[in-house]
Amino acid sequence: MRVLVATSHSDRSETYLYRRLRQLGVEVEVLCDPQAERAEALKEGGVPVQTLAYRSRLDFSAVRAIREKLKGGGYDLAHAFNKRALSHVMLAARGLPVKILTYRGIIGNLSRWNPEVRWTFFNERLAGIVCVCDAVRDYLLSVGIPAAKARRIYKGHDLAWYQPAERTELERLGVPSGAFVVGCAAHMRARKGLNTLVDAVARLPRGSVHVLLAGVISDPAVRPRIAELGLEAVVHTPGFRDDAAALMGACDLFAMPSLRREGLPRAVIEAMAQGVPAVVTNVGGMPEIVEDGISGRVIEPNDPAALAEAIGFFADNATRRRTFGEQAKERIATAFNIETTIRETLRFYEDTL
C-alpha cells in the first residue's frame with residue numbers, strides 16, 4: 001500500500017503515526033511545509049519527505065507538483081490533513097485512480113454554499129474522513145456527509161512523551177510557592193471562554209487560587225476583565241510557551257472552559273497524561289476525554305458559578321486531586337493510546353481500498 005500524506009505541520013501524534021505505519025509496511029510519503037518543525041523527525045524515522053508551500057488558497061504550481069507526484073508514484077491513497085491540502089489534492093487527482101481521504105478536527109464552518117467546501121468535503125471523489133472525535137463525526141453527519149465516509153479515530157498519545165516541569169518553573173512566572181494553580185494552555189480566542197475562568201476565580205476567596213494562561217491571548221476582552229476584577233496578581237499570562245505542556249503538568253488542575261466548536265483539545269489530553277485532573281465544558285469532544293466524576297469534571301459552558309464550584313472541589317482536597325489525577329492518566333493511557341490510533345488508521349486505509 002502506497003500513501004501520500006499532504007499536510008502542513010505535523011504534530012507529535014501525526015509524526016509518530018506516519019513513522020509507525022512505515023514500519024508496518026505502509027509506504028507512507030509526506031508532503032509538508034518547508035518550515036515544518038518535525039520534518040527531520042519524519043526523515044529519521046524512514047519517512048520520505050518532500051516540501052511544498054501553498055502560496056495562496058489556490059496555487060496551481062502546487063497542484064501541478066502534487067499531480068506529477070501522484071502520476072509517477074503509483075499511490076493507492078492520498079491523505080490530505082488540512083483543508084488547503086485537500087483542495088489542492090482534489091484538483092491534482094482529477095482522472096487518476098487514487099483514493100482520497102481527509103481529516104477533520106473541529107466542529108463548524110462546513111457549508112454546502114461555500115464553493116471550496118462543496119469541492120472538498122462534499123465531493124464524490126472524497127472516499128473518507130478521519131474524525132478526531134464522535135462530536136466531530138456527529139457534526140459532519142448533521143450537515144449531510146454520508147455516515148459511511150466518516151470514521152472516528154481518536155488522535156492518540158503516549159504517556160512517555162510528557163514530563164511535568166518543576167514547580168519552581170511556575171514560581172519563575174510569578175506563581176507563589178505552595179499556591180493552588182489552575183492551568184490552561186491554548187490559542188486563547190473568544191470561543192475558548194477565558195472570561196468564564198476569570199469570573200470563576202473572582203468568586204473564590206481572594207488569593208486562594210492562581211491561574212496560569214499559557215498561550216497567545218487573542219480575545220481582546222480577557223485582559224480588561226482581569227483588570228476590572230483586580231485579579232492581576234493571581235492570573236498569570238506568560239504568552240506563548242514552547243514548554244506549555246510541561247507547565248500544565250506542574251499545575252494542580254487544568255481547565256478548558258470553551259464555549260463552542262471544540263474538537264479534541266490536545267492540551268486537555270497532555271495535562272491528563274501527566275496526572276492532572278481536568279475541568280472542561282460540555283462542548284465538542286471534551287466530554288469524550290474527561291469522565292465526569294472520575295477523571296475530572298464536566299460542566300456547562302459560560303457558567304462561572306459552576307466552574308468556581310468545580311475548582312473548589314479540587315482545591316479543598318489534595319487526596320481527591322491525586323485520585324482523580326491517577327484516573328485521568330489511566331484514561332489517556334487506555335482510551336487515547338497512539339498504538340490504537342495506528343491500528344485504526346491502518347484499518348481505515350485497508351477498508352477504503
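If you filter the range 305-353 down to residues that are part of a helix (DSSP H, G or I) and among the acidic types (Asp, Glu), you find that the one that is farthest from residue 78 (Cα to Cα) is 309. Inspection of the range 101-110 finds a residue satisfying the criterion of being surrounded by 14 or more Cβ atoms within 10 Å (Cβ to Cβ) and either assigned to a helix (DSSP H, G or I) or of a type in the set (S, T, N, Q) (or both).
The one condition from (1) closer than 23 Å to residue 21 by Cβ; (2) surrounded by fewer than 21 Cβ atoms within 10 Å (Cβ to Cβ); (3) modelled with pLDDT of 95 or more that residue 93 does not meet is (2). Inside the range 120-131, residues that are among the aliphatic types (A, V, I, L, M) and either out of contact with any helix residue (DSSP H, G or I) (no Cβ under 6 Å at 6 or more places or on another chain) or part of a loop (DSSP other than H, G, I, E, B) (or both) make up a count of 2. Residues that are touching a residue at least 12 places away in the same chain (Cβ under 8 Å), farther than 12 Å from residue 3 by Cα and of a type in the set (Gly, Ala, Ser) within the range 59-89 comprise 62, 65, 85, 87, listed in sequence order.
Go through the range 69-80 and count every residue that is surrounded by fewer than 24 Cβ atoms within 10 Å (Cβ to Cβ) and at negative phi. Counting residues in the range 69-80 that are surrounded by fewer than 24 Cβ atoms within 10 Å (Cβ to Cβ) and at negative phi gives 8. If you go through the range 1-58 and keep only what is of a type outside the set (A, V, I, L, M), touching a residue at least 12 places away in the same chain (Cβ under 8 Å) and assigned to a helix (DSSP H, G or I), you end up with 12, 13, 14, 15, 16, 18, 19, 20, 22, 23. If the condition is being of a type in the set (Phe, Trp, Tyr) and at pLDDT 95 or above, then the range 96-120 contributes only 103.
Would you check if there is a residue in the range 10-19 being surrounded by fewer than 21 Cβ atoms within 10 Å (Cβ to Cβ) and either among the hydrophobic types (A, V, I, L, M, F, W, C) or farther than 28 Å from residue 333 by Cβ (or both)? No, the range 10-19 contains no residue that is surrounded by fewer than 21 Cβ atoms within 10 Å (Cβ to Cβ) and either among the hydrophobic types (A, V, I, L, M, F, W, C) or farther than 28 Å from residue 333 by Cβ (or both). Residue-level check: of (1) farther than 25 Å from residue 178 by Cα; (2) surrounded by fewer than 20 Cβ atoms within 10 Å (Cβ to Cβ); (3) not aliphatic (A, V, I, L, M), residue 285 misses just (2).
Taken together, the residues in the range 195-212 that are in contact with a Leu (Cβ under 7 Å, 6 or more places away or on another chain) and either closer than 20 Å to residue 173 by Cα or loosely packed, with under 15 Cβ neighbours inside 10 Å (or both) amount to 5. Looking only at the range 292-342, residues that are among the hydroxyl-bearing types (Ser, Thr, Tyr), in contact with a Gly (Cβ under 7 Å, 6 or more places away or on another chain) and crowded, with 19+ Cβ neighbours inside 10 Å come to 1 in all.
Yes/no matrix, rows are residues, columns are (1) assigned by TED's automatic domain parsing to the domain that holds residue 181; (2) touching a helix residue (DSSP H, G or I) at 6+ places or on another chain (Cβ under 6 Å); (3) over 30 Å from residue 179 (Cβ atoms); (4) not β-branched (Val, Ile, Thr):
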{"residue": "118", "(1), (2), (3), (4)": "no, no, yes, yes"}
{"residue": "133", "(1), (2), (3), (4)": "no, yes, yes, yes"}
{"residue": "137", "(1), (2), (3), (4)": "no, no, yes, yes"}
{"residue": "148", "(1), (2), (3), (4)": "no, no, yes, yes"}
{"residue": "151", "(1), (2), (3), (4)": "no, yes, yes, yes"}
{"residue": "164", "(1), (2), (3), (4)": "yes, yes, no, yes"}
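When 279, 268 are checked against the criterion of being assigned to a strand (DSSP E or B), closer than 24 Å to residue 157 by Cβ and touching a Phe, Trp or Tyr at 6+ places or on another chain (Cβ under 8 Å), 279 stands alone in meeting it.
Restricted to strands (runs of 3 or more DSSP E) entirely inside the range 149-259, those with at least 1 residues that are touching a His at 6+ places or on another chain (Cβ under 6 Å) and over 30 Å from residue 350 (Cβ atoms) are 180-185, 209-214.
The values are calculated or read from the model by the stated rules, or taken from the named source; none is laboratory data. All values derive from a computational prediction rather than experimental measurement. We place every Cβ from the backbone using ideal geometry, glycine too, and count neighbours over all the protein chains shown.
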